[in-house]
1. Please report, in debye to the nearest 20, how large the charge dipole of the protein assembly as shown is about its Cα centre when each Lys and Arg carries +1 at its beta carbon and each Asp and Glu carries -1 there.
2. Show that you can apply the helix-only estimate: for chain B, add -39,500 (n - 2.57) for every DSSP H stretch of four or more residues, divide by all residues, and state [θ] at 222 nm to the nearest 500.
3. At 1.4 Å probe radius, can you tell me the per residue accessible area of region A:56-103 in Å²?
4. Have a look at B:Ser211, B:Ser80, B:Ser316 and tell me which one the Gaussian network model of chain B (Cα, springs below 10 Å) gives the largest fluctuation.
5. What is the distance in Å between the Cα centres of region B:17-81 and region B:91-158?
6. With springs only between Cα atoms under 10 Å apart, run a GNM on chain A and tell me which of A:Leu29, A:Leu219, A:Leu299 wobbles the most.
7. So in the protein assembly as shown, what percent of DSSP beta bridges are antiparallel if you round to the nearest 5?
8. With the label 7 angstrom out along Cα to Cβ, how close does B:Ala23 come to the same site in each of the other copies, in nm, nearest first?
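The values are calculated or read from the model by the stated rules, or taken from the named source; none is laboratory data. What you are looking at is a predicted structure, and each value in this text was computed from that prediction instead of being measured. Cβ placement follows ideal geometry from the backbone for every residue including glycine, while neighbour counts extend to all protein chains displayed. Surface accessibility is based on the protein's heavy atoms, side chains included, excluding ligands, DNA and RNA. Shrake-Rupley method; radii C 1.70, N 1.55, O 1.52, S 1.80 Å.
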Number of protein chains: 2
Amino acid sequence: VSSRTVSEIGEHALISRITARLAMPSWVLVGPGDDAAVIRPERGALDVLTTDALVEGVHFDRRFVPPGAIGHRALAVNISDLAAMGAAPRAALLSLVLPDQLEVAVVDAVVDGLLALAERHRVAIIGGNITRSPRPDASQAPGPMMIDVTAIGSVRPRRILTRGGARPGDDVFVTGTIGGAAVGLNMLRSGADLTGPPGRGPEWSAPLDGSAKLQEKYLRPEPRVRAGLLLGRNRAASACIDLSDGLADGLRQIAVASGVGITVDEAAIPLADGVAEFYRNRGTDVLCAALAGGDDYELVFTARPAWRGRLKAVRSQAGDLPITKIGVVTRETRLSVRTASGDRDLPAGFEHFRSI
Amino acid sequence: VSSRTVSEIGEHALISRITARLAMPSWVLVGPGDDAAVIRPERGALDVLTTDALVEGVHFDRRFVPPGAIGHRALAVNISDLAAMGAAPRAALLSLVLPDQLEVAVVDAVVDGLLALAERHRVAIIGGNITRSPRPDASQAPGPMMIDVTAIGSVRPRRILTRGGARPGDDVFVTGTIGGAAVGLNMLRSGADLTGPPGRGPEWSAPLDGSAKLQEKYLRPEPRVRAGLLLGRNRAASACIDLSDGLADGLRQIAVASGVGITVDEAAIPLADGVAEFYRNRGTDVLCAALAGGDDYELVFTARPAWRGRLKAVRSQAGDLPITKIGVVTRETRLSVRTASGDRDLPAGFEHFRSI
């Protein structure tokens, strides 16, 4: 079956292949296969909802992004949005738009990647739909593949993290490392054969050396679910956002929503290993590139200096995830970077998603 | 601004145009503009969730479907799924994929159509995202427009309607009239100029004569929210489904999910005015065409004969919406139509959506 195409086996059979793999927790009263899913909200909690679509040719290129990574990323970007609100992910709906001639094996691998991440975070896939992508005629390129995921999570009322709570004097922190995904994407793109048609793409199996780690950061970003939950539970953040479109963009969004400015310290930004070297070898401004590079899916958050104890609790429970202070919130609504050679304005981020 | 294109004004400005029009009820704690939306679940109720994507060239053709109707239908098909569960719609997320060269006026009109329906059903648009559609190069057709809506509703535990509760001996009912949308689509298609590029399409303003009513049934289907709620509230249905892919398909889905058969009576099927005449004039088998035609978004439901009193209550509260008995549920798992010339097997429905 897996060597056949989507149009050969039909959407019905495709859906059976997917739903056969799904397990439903007890709070799912009606799962896939009816007009809609029915779930029991978490007692005493609020519902948190977000949707982001990944579109072939806009958000991923099948010539160098393997199908498993497409599925992983489609769910990861949505879970990451929940994490930035301090919410625990619970469920997801999956909307697939598939070109007629796509191999079933590719769909299987996309679903593999998505379900592996879903299982790790105990996210139940409770419904969705599959439809074909248009192809006006044979002279035209096949329509794009698209995956639109809606993620549903829960959060207690007093634990919600928003973008709008930063105040002058707050410190600014970031989880993990910065800039790795953009360099990984660069490496993948330059190593790929971009002349042929989109193929099934490579699946990783090689040990992760430095380059592979950066590529993996792009292909399979780890949504910071636990960090977001800990920040909410400990009331340790005044504002929070996830980094889809780069650090500069994330800082700007918090600043605008909070009506404040932010000054970050170049020397404090925790660049991923190999990022500075990569840009330096190409004669690119390291700071500018690292601030603008998207797809890291780390959390940026602000916290009052008096909350040092709360943050300590978060750090001790967050395991080995680095949490680094990178700057301060200012009253003056300017976004700047302190460098050895003076202050610079923040460069604009890369806009590839826009949330309503 | 409205004469400019999507790429000229940018996604950011487009989103501002949309969010400026949205009003949030008090149970929306965080609306558009953050990483995710936060809503308070309805007390004592369950969450009901569904998603369906409308894809240009698959589910609609911009050469004869005006943008307002695209927006209306994108929300209507999802609200209809909630209605079929007996749920009240509350909120929706909106995922838009837009070709670069699309006029802003078209996007405005799509949103007009969607918001008009949302307001009528008090559905809050709590978030979403906008992204561009891919265009590999100038020699290729522009990427398709897509609207993926996720609708969220609520239902009390004992009022959930599923597809799986029909039992032998139950009666089978349908709301409204059947076959109108498919004839309307046929009329729109045959009256359209299909040689040119997709335009902005006509907006209706003419008085609704017979043809216009059928076309309107396709363009702006009325989700049967009140009927679904009344069926749930009065516990008047043993199974329910909405008709996206035709009456034959809807009956088959209920039969399969319930492990039963269904026999419908040809003479009882409430065809919309003009449907029989339309097919007869074209030499098409009326019964077959009417059973297979999709897009009506009426509800089909089953009910025990002993629930006559409950159904009477539903009818009296449903205003002038016709509710017609069209058949019975059988133990033998066969799907058939009783006609003047004997029993026939049900034809297969038109598969244009598939739910996971």
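1. Taking the Cα centre of the protein assembly as shown as origin, the dipole is about 2880 debye.
2. -10000 deg cm²/dmol
3. Details: 680 Å² over 48 residues.
Normalised by residue count, the accessible surface of region A:56-103 is 14 Å².
4. B:Ser316
5. One Cα centre to the other: 7 Å.
6. In the Gaussian network model the winner is A:Leu29.
7. 75 percent
8. 4.7
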